[in-house]
Amino acid sequence: MSFFNLYQHNFVRLAVAVPEVRVADTAWNAARTLELLKQAAAERSALVLFPELGLTAYSCEDLFHQQALLDGALLALETVRRATENAAPVCVVGLPLRVEGLLFNCAAVLHRGRILGVVPKTYLPGYREFYELRHFARGDVAVVDEVQIGRERVPFGARLVFRASDQPLFAFAVELCEDLWTPIPPSSFAALAGATVLLNLSASNITVGKDRYRADLVANQSGRCLAAYLYSAAGFGESTTDMAWDGHGMIYENGVSLSQTERYAYRSQLISADVDLDRIAQDRMRQTSFGQAVDRHRDEVARFRTIEFKLGLPGDAVLPLKRTYERFPYVPSDPATRDERCREVYEIQVQGLVKRLKSIGSKKVVIGVSGGLDSTQALLVCARAMDVMGLPRENILAYTMPGFATGERTLNQARQLMKSIGASAAEIDIRPSCMQMLKDIDHPFAKGRKVYDITFENVQAGERTSHLFRLANLHNAPVVGTGDLSELALGWSTYGVGDQMAHYAVNASVPKTLIRFLIRHSARTNAFGREVSRVLEAVADTAISPELIPGDHKGQPAQESEASVGPYEIQDFHLYYILRFGYLPRKVAFLAWNAWRDSEAGNWPETPEAARNAYGIAEIRKWLGVFLKRFFQSSQYKRSAMPNGPKVGSGGSLSPRSDYRAPSDSEATVWLADLENIPLQEPAPVRKAGVARKNGKPAAKS
């Protein structure tokens, strides 16, 4: 199977169908079912779900006791079964079925001309407008576990899990409508029994506000069970004698909506979504309470039967995701959500610092300000912390420390920012002390030679941090660290007496891409006044550079961090999916390719720097390789000794005391081996990405 096929990466495309129906017209309903089944097959879906009693219509009432209707339902089922012989998707339809003299409201699971099983409804509503107890028996009163349908003996019961032998992560279970509305839905136990996908055939008439409540139920059950949840409710064509129907179809994954139908449509509908089975499996593995629940309910779990079948995965050479993945997983693309995220992250950072200062009894902070992104955000956090504590901002002891390579732009930005924010600003030229150290260690630069090696760089980084710590001693105030999550992941910091160390690191779990947006948010909202906002906009537009090697005669920096460690926008994407979900490198690359391959289409925040770039598969593989080696092999020792700092997001942090514990001397061999599964060329039908980026000279940092 091609690398560029979604099924290669443990995705499954699942569909929800809401056909137009006619009450008691089983042949017509079967025809509409087949139309949507054919459409789902054309989209390469693995499964398509239909509504409750969809072959007869739900609103037949006492017609369910008519022999002609029940026989017609069986004929319609046979029509659908025959059609599945030449259609790939699993098809789940609803019908009334007589079993041992009782009538059950059932879901039939069909695939490749077989009926894999039949699931009866467990809970029957008998309140308000519902009279199902008048017509049907509860699923748990059945005395058989198989039923004869035509020439087949078919598994029958509410405790069935259907598992694809050629995709073991794809295991689904079925419940019907009211089952979800109960205190403990049957799907809860099905999830504990291994079902990663939960299906609900529903009728669910509409009343004012019910759609929101219905969606909340689906979202909560999906999130609680760590599963995908598909829901198909009856739509146009049902009887409106005393009720109306809105045709509400939904697909959720771990509590997140992937797709929903248009409600009140006067036609048949089909929606589909690409469900990530790896995400479900990873979350269940990591959330230890899920395993505890399996143990607590082991008797109920043991009652489930597993029905195996061969799915027959689509072998298309290229089958990209329909699902949209955010280019910036740490930064929501929706402006309102993004603003809320920025406010929340900012408040978490401020609260963390305020608590630390109160705990140690300090009313001042020491911070180094470079005029770049990270130190700017840390300074804003310090300013608000002083406001919250009722202290003057002069208690922020801010220092900018120009060295051999400091540019005029960043130096001026640092000066303006410290002044406009109201900090106690000071400037220390570290070149004399750096030169003394270079002389002490007999470095060639001290003898007049232009040797800009790693020692030259880190003498400057070390001097800055050494000054800050001694200033902290002098003023009895903690050093506020400025390093961010992206730098920690890539090991892009100077260890020990360098920017890796501080008394408290407010940015430690904030990635570089989010920091830029945090600064833009503060600027746009004038959170600190217009004068500060002007400086913040300039900082947000500044190229990222450690400024440790002298630039050219025009003042341009010789180093751009991204030329060495990779563009932060793509490395933050890699970081999120490797840290949060533990995905294989090849899957991370596939997600990145889907999100970044086109410079003209995608989902990104509306800011100047966000929509310019595109990455082809070869470039994704290149930078992912850099990430894997730096993250897994060469920089854990820095994270093992990182200072305290607040965790801000569910994407995770790298603190060895909370989210991430790893040996400092591991190898990256298995990750780099999987990297070889990533191709170097684009698939022929997909337009190759264009690249619009500047590449600076490489820089080194230990």
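Considering only the stretch 330-357, state which residues are of a type in the set (S, T, N, Q) and buried (at least 16 other Cβ atoms within 10 Å of the Cβ). Please lay out each step first, then the result.
The initial filter retains those residues of the stretch 330-357 that are of a type in the set (S, T, N, Q), namely 333, 337, 349, 351.
Result: S333, Q349.
Please find, within the stretch 1-13, the residue that is surrounded by the most Cβ atoms within 10 Å (Cβ to Cβ) out of those that are assigned to a helix (DSSP H, G or I) and not hydroxyl-bearing (S, T, Y).
Kept after step one, since they are assigned to a helix (DSSP H, G or I), are these residues of the stretch 1-13: 6-9.
Filter once more, so that each one left must be not hydroxyl-bearing (S, T, Y): 6, 8-9.
Numbers: L6: 25, Q8: 17, H9: 23.
Taking the candidates together, the pick is L6.
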- Query: Looking at (1) in a loop (DSSP other than H, G, I, E, B); (2) within 29 Å of the chain's Cα centre (by Cα), can you tell me which one R212 breaks?
  - Reply: (1)
- Task: Kindly provide the set of residues from the stretch 568-588 that are of a type outside the set (G, A, S) and in a loop (DSSP other than H, G, I, E, B), ordered by number.
- Result: Y583, L584
- Task: Find the residue count for the stretch 105-134, including only residues that are more than 26 Å from G312 (Cα to Cα) and either of a type in the set (F, W, Y) or buried (at least 17 other Cβ atoms within 10 Å of the Cβ) (or both).
- Result: 10
- Message: Please determine whether any residue of the stretch 378-392 is outside any helix (DSSP H, G or I) and either buried (at least 24 other Cβ atoms within 10 Å of the Cβ) or not assigned by TED's automatic domain parsing to the domain that holds I544 (or both).
- Response: no
- Query: On the given criteria, is V23 assigned by TED's automatic domain parsing to the domain that holds G94 and under 36 Å from the mean Cα position of the chain (by Cα)?
  - Reply: no
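Test V141 against the stated conditions and say whether it is modelled with pLDDT under 95, within 24 Å of G101 (Cα to Cα) and assigned by TED's automatic domain parsing to the domain that holds E238.
Numbers: modelled with pLDDT under 95: yes; within 24 Å of G101 (Cα to Cα): yes; assigned by TED's automatic domain parsing to the domain that holds E238: yes.
So V141 passes the test.
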- Lone qualifier among F156, F170 - being touching a helix residue (DSSP H, G or I) at 6+ places or on another chain (Cβ under 7 Å) and buried (at least 21 other Cβ atoms within 10 Å of the Cβ): F170
- Task: Determine whether A425 is hydrophobic (A, V, I, L, M, F, W, C) and assigned to a helix (DSSP H, G or I).
- Result: no
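Any residue that is under 25 Å from R534 (Cβ atoms), crowded, with 16+ Cβ neighbours inside 10 Å and touching a Cys at 6+ places or on another chain (Cβ under 7 Å) - is there at least one of those in the stretch 396-419?
Taking the stretch 396-419 and keeping what is under 25 Å from R534 (Cβ atoms), we get 396-402, 406-419.
From what is left, the residues that are crowded, with 16+ Cβ neighbours inside 10 Å are 396-402, 406-407, 409-411, 413-418.
Within this subset, residues satisfying the condition of being touching a Cys at 6+ places or on another chain (Cβ under 7 Å) are 396.
Yes - at least one qualifying residue is present in the stretch 396-419.
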- Item | Evaluation of W245 against (1) of a type outside the set (G, A, S); (2) surrounded by fewer than 21 Cβ atoms within 10 Å (Cβ to Cβ); (3) modelled with pLDDT under 95 (one fails), failing number | (2)
- Note on the structure: Within the stretch 26-63, restricting to residues that are of a type in the set (D, E) and in a helix (DSSP H, G or I), the one that is nearest to the chain's Cα centre (by Cα) is E35
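Which ones in the stretch 67-88 are among the polar types (S, T, N, Q) and free of Cβ contacts under 8 Å to residues at least 40 places away in the same chain? Break it down stepwise before answering.
Going through the stretch 67-88, the residues among the polar types (S, T, N, Q) turn out to be 67, 79, 84, 86.
Hits for the stretch 67-88 are Q67, N86.
Given the criteria surrounded by 18 or more Cβ atoms within 10 Å (Cβ to Cβ) and touching a residue at least 12 places away in the same chain (Cβ under 8 Å), does A41 qualify? If you could, list the steps in order and put the result at the bottom.
Values: surrounded by 18 or more Cβ atoms within 10 Å (Cβ to Cβ): yes; touching a residue at least 12 places away in the same chain (Cβ under 8 Å): yes.
Spelling it out, A41 is indeed surrounded by 18 or more Cβ atoms within 10 Å (Cβ to Cβ) and touching a residue at least 12 places away in the same chain (Cβ under 8 Å).
Pick out the one residue from V16, V23 that is outside any strand (DSSP E or B) and touching a Ser or Thr at 6+ places or on another chain (Cβ under 7 Å). Working first, answer last.
Values: V16 fails: outside any strand (DSSP E or B).
None of the other options fit; the residue is V23.
Return the only residue of N677, N644 being more than 29 Å from R597 (Cβ to Cβ) and modelled with pLDDT of 95 or more. Let's see the steps before the verdict.
On the way: N677 fails: more than 29 Å from R597 (Cβ to Cβ).
N644 is the lone residue from the list that is more than 29 Å from R597 (Cβ to Cβ) and modelled with pLDDT of 95 or more.
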- Query: With respect to I544, is the statement that it is at pLDDT below 95 and more than 30 Å from the chain's Cα centre (by Cα) true?
  - Reply: no
- Just checking, which of T513, T455, T494 is among the β-branched types (V, I, T), assigned to a helix (DSSP H, G or I) and under 22 Å from M437 (Cα atoms)? T455
- Query: Just wondering, is there one or more residues in the stretch 10-20 that are under 30 Å from R621 (Cα atoms), out of contact with any Cys (no Cβ under 9 Å at 6 or more places or on another chain) and of a type in the set (F, W, Y)?
  - Reply: yes
- Message: Here's a check for you: in the stretch 248-271, which residue that is touching a strand residue (DSSP E or B) at 6+ places or on another chain (Cβ under 6 Å) and among the polar types (S, T, N, Q) is surrounded by the most Cβ atoms within 10 Å (Cβ to Cβ)?
- Response: T261
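The values are calculated or read from the model by the stated rules, or taken from the named source; none is laboratory data. Keep in mind it's a predicted model, so treat the numbers as computed, not measured. No Cβ is skipped: glycine too gets one built from the backbone with ideal geometry, and neighbour counts run over all protein chains shown.
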